[in-house]
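Please read the structure below before turning to the comments.
Computed from the coordinates by the stated procedures, all read-outs in this text should not be read as laboratory data. None of the values given here were measured: they were computed from a predicted structure. A quick note on method: Cβ atoms are made from the backbone with ideal geometry, for glycine too, and the neighbour counts reach across all protein chains shown.
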Amino acid sequence: MKTTTAQNRLAKLNLNKGTKAYQFVNEIINGAKTIRPCYTSGSGRFTSNQDHTSATCEILDKMNVKYMLTNDAPRGSATGNVITIKTKFV
């Protein structure tokens with residue numbers, strides 16, 4: 001898929017450009033092969049998991065981008081989610 005085609009499809013979805021899912025998909029279009037959509041924020045006892053896996057997968061499905069969702073955490077926690085892109089952007 002051409003990068004301009006992917007950018008046009010992303011623009012037609014009318015998403016808020018400030019969301020993390022939009023930023024993850026934009027990174028994918030610009031050449032990233034793997035994305036970790038779940039991360040921790042905060043410090044000390046105020047840490048929390050920020051999980052954007054479902055929103056990112058939903059956007060990729062709407063754009064017809066092939067991907068594979070895996071988990072590389074030893075016990076399967078949410079922060080081990082990895083999205084690997086199978087579609088090539090030219």
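Assorted remarks:
- Whole-number D in µm² s⁻¹ for the chain, Kirkwood Cα-pair radius fed into Stokes-Einstein, 37 °C, 0.692 mPa s: 238 µm²/s
- Gain on full stretching of the segment that runs from Lys86 to Glu58 - 0.36 nm per residue minus C-alpha separation: 8.5 nm
- Among the trypsin sites (Lys or Arg not before Pro) in the stretch 40-90, those placed in a DSSP loop whose Cβ has at most 14 other Cβ atoms within 10 Å are Lys66, Arg75, Lys86, Lys88.
- Dipole moment magnitude, nearest 20 debye, the chain about Cα centre, only Lys, Arg, Asp, Glu C-beta charged: 240 debye
- Cβ-based charge dipole, the stretch 5-90, positive-most Cα from Ala78, Leu13, Gln50: Leu13
- Mean ellipticity per residue at 222 nm, deg cm²/dmol - from DSSP H runs of n ≥ 4 across the chain, formula -39500 (n - 2.57): -10000 deg cm²/dmol
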